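S.K.: Shown below is the structure under consideration.
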Amino acid sequence: MKSKNIKIGSNKSFGIVFFVVFLIIGLWPILNGNEIKIWSIIISLIFLILGINNSKILTPLNKLWFRFGIFLGNFIAPIIMGIIFFFVVTPTGLIMRLLGKDLIKLKKNNDKSYWIEKKNIKSSMRNQF
């Protein structure tokens with residue numbers, strides 16, 4: 001799928017996001033009583049400096065990250081939608097069928113028309129605005 005209508009984010013926001021990510025990776029061991037990961041802190045500071053300066057050095061990484069996101073979206077979205085369908089929509093339909101419900105009036109009847117006449121008309125739909 002082509003991503004013509006989707007614009008890539010700025011290098012500044014990309015740098016700041018990765019600063020936060022590597023900072024969390026570097027400081028996470030503190031929660032378990034371990035030492036800080038210095039390599040991650042250094043990388044986070046590099047991303048912060050490049051992000052604040054809106055450096056062109058981040059452009060290739062930003063494009064690569066953007067393409068990775070598009071790839072994941074094309075791959076993961078159908079899987080998630082399938083899971084939702086088979087674990088939410090299908091059981092709901094089966095339960096409704098077991099209970100004998102016909103919410104959208106799909107059962108065949110002998111009437112000439114499927115039009116439903118309303119008995120209590122509350123408005124004429126004139127002068128709506």
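The values are calculated or read from the model by the stated rules, or taken from the named source; none is laboratory data. If you're wondering where the values come from, they're calculated on a predicted model, not measured in any experiment. When we count neighbours, we look across all protein chains shown, and the Cβ atoms used for this are built from the backbone with ideal geometry, even at glycine. The protein model used for the area step is the full one, side chains on, heavy atoms only, and it has no ligands, DNA or RNA in it. Shrake-Rupley method; radii C 1.70, N 1.55, O 1.52, S 1.80 Å.
S.K.: Got a number for residues in region 39-54 being open to solvent by 80 Å² or more (accessible area, probe 1.4 Å) and assigned to a helix (DSSP H, G or I)?
M.R.: Residues meeting the conditions: 6.
S.K.: For residues in region 1-33 being assigned to a loop (DSSP other than H, G, I, E, B) and free of Cβ contacts under 8 Å to residues at least 40 places away in the same chain, which is least open to solvent (accessible area, probe 1.4 Å)? So that I can check it myself, show each step before the final result.
M.R.: Pass one, region 1-33, residues assigned to a loop (DSSP other than H, G, I, E, B): 1-10, 33.
Filter again for free of Cβ contacts under 8 Å to residues at least 40 places away in the same chain, leaving 2, 4-5, 7, 33.
On the way: Lys2: 160, Lys4: 171, Asn5: 149, Lys7: 180, Gly33: 68 Å².
Step by step, filter region 1-33, then rank; the result is Gly33.
S.K.: Taking region 60-101 as the search range and keeping residues that are within 15 Å of the chain's Cα centre (by Cα) and β-branched (Val, Ile, Thr), which one is least open to solvent (accessible area, probe 1.4 Å)?
M.R.: Looking at residues that are within 15 Å of the chain's Cα centre (by Cα) and β-branched (Val, Ile, Thr), I get Ile70.
S.K.: Can you say whether Asn120 is touching a residue at least 40 places away in the same chain (Cβ under 8 Å) and not acidic (Asp, Glu), as far as the supplied structure shows?
M.R.: Values: touching a residue at least 40 places away in the same chain (Cβ under 8 Å): no; not acidic (Asp, Glu): yes.
In short, no.
S.K.: Only one of Ile36, Ile104, Ile57 is open to solvent by 100 Å² or more (accessible area, probe 1.4 Å) and either touching a helix residue (DSSP H, G or I) at 6+ places or on another chain (Cβ under 9 Å) or closer than 17 Å to Phe14 by Cβ (or both); which?
M.R.: Numbers: Ile36 fails: open to solvent by 100 Å² or more (accessible area, probe 1.4 Å); Ile104 fails: either touching a helix residue (DSSP H, G or I) at 6+ places or on another chain (Cβ under 9 Å) or closer than 17 Å to Phe14 by Cβ (or both).
So the residue among Ile36, Ile104, Ile57 that is open to solvent by 100 Å² or more (accessible area, probe 1.4 Å) and either touching a helix residue (DSSP H, G or I) at 6+ places or on another chain (Cβ under 9 Å) or closer than 17 Å to Phe14 by Cβ (or both) is Ile57.
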